[in-house]
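Trainee: If you scroll down you'll find the structure; I have some questions about it.
The values are calculated or read from the model by the stated rules, or taken from the named source; none is laboratory data. As the structure is a prediction and not an experimental result, all values here were calculated from the model. Don't worry about glycine lacking a Cβ; one is built from the backbone with ideal geometry, like all the others, and counts go over all protein chains shown. Just the protein is used for accessible areas: all its heavy atoms, side chains included, with ligands, DNA and RNA removed. Shrake-Rupley method; radii C 1.70, N 1.55, O 1.52, S 1.80 Å.
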Amino acid sequence: MSNWSNLAKVVYKRTYARKDFGLLENWGDTVDRVIHGNVVGHDVTDHEISRLRYYLNERKAGPAGRGWWYSGAPSHKKLGGVALNNCWFVASDEWTNFVLAQDLLMLGGGVGMSVEHRYVSKLPKVKKDVHIVNKDTKDADFIVPDSREGWNELTQRILESYFVTGKSFSYSTVCIRPAGEPIRGFGGSSSGPKPLSSFVEKLCGILNARGGKHVKPLDAADILCSIAEMVVAGNVRRSAIIILGDPWDKDYLKAKRWDLGNIPTQRAMANFSVVVDDVEDLHPLFWKTYEEGEPFGIVNRTNMQKYARMGELKPDTAIGVNPCAEATLEDGEPCNLQEIALPNLQNEAEFIEAARLMHRWGKRVTTEKYHQSKCDAVVKRNRRIGTGITGYMLIVTGK
C-alpha cells in the first residue's frame, strides 16, 4: 500500500478490511479472501485465479464495494449472494416488499422503489385502531431477537397487523445488545435498540393516519425512507435509496419543498424522481422543486424497456432502477457490479483481459443462492450484470 493516497488507506481500513478472526486484514488478505469467495465451488483454473490476483492486487479491476466487504466473509457461506450485490429495486404493490427492502438494506445494499399509484393502489386498506406497544419487559407478545432476522420479523408483524389482521400487540427489545457491541459474522457494531423503537413509532404514526383508508404514494415513500433511517444507524450500512413516483402527484412533488415547512427527517435518505416519457407531461410543481427544494430526477420507462441500458434496440423487462440509476431492474432484481480502473491499466490488452475476468466474476455471483425467493428467481432468470469503468471522462471539443 506504499503507493496509496492517505484517503485510499483510510477508506480501505474503515470500510473493507475485515476483522473476523481477531486481526485486521491487510490488502493481500483482502484480495485472497474476495477471490476465494468468488471462485469456490466453480471450475476456475489456476491461471485465471493468478490473473485475478494480479488485477485485484494492483487495483486494476475488482468487485464493487459490497464484494470487497463481503466476498469470502464468514457469513457469505451462510447467506449466499445477497450481500455481494450493490443495490436492488422493488415495487410497492405488496406490503411484504417493504420487509424485503429492509432485509436488503440491512445487508448493505441500496434499494430503489416505485411508489407510483399503479403499484401503491394494490395495497390493502389500512386497518383501524391498531396499537403496537413497546414494553421494556420480558412478557411482551413478541421479544425481538438480537439479529437482522429479528428486526425484520418485527416489521413483518407490524405491517401484517395494519394491512391484514387488524390485531394489536406488544413488543420488547430487551434482548437486543447495547450500542457499540460487535456484530459477529456480518461485521460492524450494534446500534442498540433505539433506532428500532424510533422507527416503529414513526411507522405506526404513518399508518395510523390512514386508518380505514389506502396509503398514499408519499406514505409508501415515507415507510421505505423510515426503514432506511433506521438501518443507516449501523456503521457498515449506508442505505442508498431512490423513490420513483408519478409526475402528476402534487403531494409527492412537494415531498422535498423546503419553503413549505419542516420536511420529515426520513426523506433525507432518498433521491426522489418521477416516471415520465414526455417532459410536457410534467406538472408545474416538478419545476418548482428546483427553485424551492431538492430537485427531482426523471426516469423514462418506455425508453428503458425499448432500448435497455446501452441505447441499442434491445427490449428489456425492467420496470425500475437502482439508487444510482445506472442499472435497469425488475422487481426484486439486484445491481450486480464489477469495476475496471482505467487509469491503472497499461494497454488495450489489459483492458480486454480485465473486462473478460470481471464479466466472469459477475456471472459467478449470479449462480449464488439468494435467501429471498423473489430475488433468487429473477437473478437466475436474467443473470444481469454490469461492469463499470472508473477514470473515464468524455471531453467534447469544437465549436
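Trainee: Using only Cα atoms, locate the centre of the range 198-229 and the centre of the range 133-173, then give the distance between them in Å, rounded to an integer.
Mentor: Centre-to-centre (Cα) distance: 16 Å.
Trainee: For the chain, what % of the accessible area comes from carbon and sulfur atoms, probe 1.4 Å?
Mentor: Numbers: 10050 of 19110 Å².
About 53 percent, which is the carbon plus sulfur part of the accessible surface.
Trainee: Using the Kirkwood radius over C-alpha pairs as Rh, can you work out the diffusion coefficient of the range 264-314 via Stokes-Einstein at 25 °C, viscosity 0.890 mPa s, in µm² per second? Walk me through the numbers before you get to the answer.
Mentor: On the way: Rh = 12.7 Å.
D = 193 µm²/s.
Trainee: Pull up all non-local amide H partners of Val299: gap of 5 or more, or a different chain, and H-to-H distance under 5 Å with H placed in the peptide plane.
Mentor: Under 5 Å from the amide H of Val299: Val274, Val275, Val276.
Trainee: Using only alpha carbons, build the gyration tensor for the range 15-60 and give me the equivalent ellipsoid semi-axes, biggest first, whole Å.
Mentor: Numbers: eigenvalues 86, 36, 10 Å².
Over the Cα atoms of the range 15-60, the semi-axes work out to 21, 13, 7 Å.
Trainee: Using +1 at the Cβ of each Lys and Arg and -1 at the Cβ of each Asp and Glu in the chain, identify which of Met113, Gln156, Ser172 lies farthest towards the dipole's positive end.
Mentor: Ser172
Trainee: So if we plug the beta-carbon distance of Glu292 and Asp129 into 1/(1 + (r/R0)^6) with R0 = 41 Å, what FRET efficiency do we get, rounded to 0.05? Provide the component values of the computation, followed by the final result.
Mentor: Details: r = 38 Å, r/R0 = 0.93.
E between Glu292 and Asp129, to the nearest 0.05, is 0.60.
Trainee: Continuing with the same structure: With Cβ to Cβ distances under 12 Å as the rule, what net charge do the other residues near Lys213 carry (K, R +1; D, E -1)?
Mentor: On the way: positive: Lys125, Lys127, Lys128, Arg210, Lys216; negative: Asp219.
Charge balance near Lys213 sits at +4.
Trainee: Just grab the label-to-label distance for His359 and Asn303, each label 7 Å out from Cα along the Cβ direction, in nm (one decimal).
Mentor: 2.7
Trainee: When ligands, DNA and RNA are left out and all protein chains stay put, how many square angstrom of accessible area per residue does the chain have with a 1.4 Å probe?
Mentor: Details: 19110 Å² over 399 residues.
Dividing the accessible area of the chain by its residue count gives 48 Å².
Trainee: To continue, here is another question. Please name which of Ile242, Val279, Ala17 has its Cα lying farthest along the dipole of the chain towards the positive end, using unit charges on Cβ (Lys, Arg +1; Asp, Glu -1) and the Cα centre as origin.
Mentor: The one lying farthest along the dipole's positive direction is Ala17.
Trainee: Once the mean 1/r over all distinct Cα pairs of the range 34-76 is inverted, what Kirkwood radius in angstroms do you read off? Mind showing how you got there, number by number?
Mentor: On the way: mean 1/r = 0.0925 Å⁻¹.
Result for the range 34-76, one decimal place: 10.8 Å.
Trainee: What is the log10 of I(q)/I(0) for the chain, computed with the Debye formula using one identical point scatterer on each Cα and no solvent, at q = 0.07 Å⁻¹?
Mentor: At q = 0.07 Å⁻¹ the computed log10 ratios are -0.36.
Trainee: When DSSP assigns beta bridges and you keep just the ones with both residues in the chain, what percent turn out antiparallel, to the nearest 5?
Mentor: Working: 11 of 38 bridges.
Bridges in the chain are about 30 percent antiparallel.
Trainee: Hey, what angle do you get for helix 46-57 against the long axis of the chain, alpha-carbon based, 0 to 90 degrees rounded to 10?
Mentor: 70
Trainee: Next question, about the same structure. Taking Rh as the Kirkwood radius computed over C-alpha pairs, what is the Stokes-Einstein D of the range 280-364 at 20 °C in a medium of viscosity 1.002 mPa s, expressed in µm² per second? Intermediate results must be reported in sequence, preceding the final value.
Mentor: Details: Rh = 16.0 Å.
Estimated diffusion coefficient is 134 µm²/s.
Trainee: With Kirkwood's inverse mean 1/r over C-alpha pairs for Rh, give me the Rg to Rh ratio of the range 33-108, two decimals please. Provide the component values of the computation, followed by the final result.
Mentor: Values: Rg = 15.3 Å, Rh = 14.0 Å.
Ratio of gyration radius to Kirkwood radius: 1.09.
Trainee: Beyond 15 Å, what share of the Cα-Cα pairs of the range 67-151 is found? Please give it as a whole percent. Please report the intermediate quantities before stating the final value.
Mentor: Details: 2517 of 3570 pairs.
Roughly 71 percent, rounded to a whole number.
Trainee: Please compute the length gained on full extension between Asp20 and Asn344, using 0.36 nm multiplied by the number of residues separating them and subtracting their Cα-Cα distance. Don't skip to the end; give the middle numbers.
Mentor: On the way: separation 324, 0.36 × 324 = 116.64 nm, distance 3.00 nm.
Extra length from Asp20 to Asn344 when fully extended: 113.6 nm.
Trainee: By how many degrees, between 0 and 90 and to the nearest 10, does the Cα long axis of helix 373-382 differ from the longest principal axis of the chain?
Mentor: Approximately 40 degrees, to the nearest ten.
Trainee: If each Cα of the range 251-399 is one equal point scatterer, what is log10 of I(q)/I(0) from the Debye formula at q = 0.12, 0.13, 0.19 Å⁻¹?
Mentor: Listed by q, the Debye log ratios stand at -0.74, -0.84, -1.19.
Trainee: What nm distance separates the two modelled labels at His47 and Asp93, each placed 7 Å from Cα along Cα→Cβ?
Mentor: With each label placed 7 Å out from Cα toward Cβ, I get 4.8 nm.
Trainee: With a sphere of radius 14 Å drawn around the Cβ of Gly332, what net charge do the other residues whose Cβ falls strictly inside it have (Lys, Arg +1; Asp, Glu -1)? If you can, show how the numbers build up before the last one.
Mentor: Values: positive: Lys374, Lys380, Arg381, Arg384; negative: Asp93, Glu94, Asp103, Glu330, Asp331, Glu333, Asp376.
Net of charged neighbours comes to -3.
Trainee: Can I ask one more? Against the longest alpha carbon principal axis of the chain, how many degrees, from 0 to 90 and to the nearest 10, is the axis of helix 96-106 turned?
Mentor: Helix 96-106 sits at roughly 50 degrees to that axis.
Trainee: Net charge near Ile243: determine it from the other residues with C-beta under 14 Å of the C-beta of Ile243, scoring Lys and Arg +1 and Asp and Glu -1.
Mentor: In short, -4.
Trainee: Another question, then. Under 17 Å from a label point 7 Å along Cα→Cβ of His36: give me every residue in the range 74-98 with its amide N that close.
Mentor: In the range 74-98, the label zone of His36 (backbone N under 17 Å from the point 7 Å along Cα→Cβ) covers 74-80.
Trainee: What's the ranking of 344-353, 213-222 by average number of surrounding C-beta atoms within 10 Å, highest first? Each step should come with its number before you reach the end.
Mentor: Details: 344-353: 12.9, 213-222: 21.3.
My ranking of the peptides, most packed first, is 213-222, 344-353.
Trainee: Please report, in debye to the nearest 20, how large the charge dipole of the range 61-180 is about its Cα centre when each Lys and Arg carries +1 at its beta carbon and each Asp and Glu carries -1 there. Mind dumping the intermediate values first?
Mentor: Working: 14 positive and 12 negative charges, 19 e Å.
That gives the range 61-180 a dipole magnitude of about 100 debye.
Trainee: If you look at just the Cα atoms of the range 325-399, how large are its Rg and its Dmax in Å?
Mentor: 15.7, 55
Trainee: Shifting gears a bit: Taking a Cβ-Cβ separation under 4.7 Å as the criterion for a possible partner, which cysteines of the chain have none?
Mentor: Among the cysteines of the chain, those whose Cβ sits 4.7 Å or more from every other are Cys175, Cys204, Cys225, Cys324, Cys375.
Trainee: How are the Cα pair distances of the range 228-289 distributed, in percent, across 10 Å bins from 0?
Mentor: Using 10 Å bins, I get a P(r) of 20, 44, 26, 9, 0 for the range 228-289.
Trainee: Now for a separate question. If the limit is 31 Å between Cα atoms, which of Lys60/Lys363; Lys13/Lys216; Lys127/Lys380; Lys194/Lys288; Lys122/Lys250 go over it? Could you put the intermediate results ahead of the total?
Mentor: Details: Lys60/Lys363 19 Å; Lys13/Lys216 43 Å; Lys127/Lys380 37 Å; Lys194/Lys288 37 Å; Lys122/Lys250 20 Å.
From the list (Lys60/Lys363; Lys13/Lys216; Lys127/Lys380; Lys194/Lys288; Lys122/Lys250), the Cα-Cα distance tops 31 Å for Lys13/Lys216; Lys127/Lys380; Lys194/Lys288.
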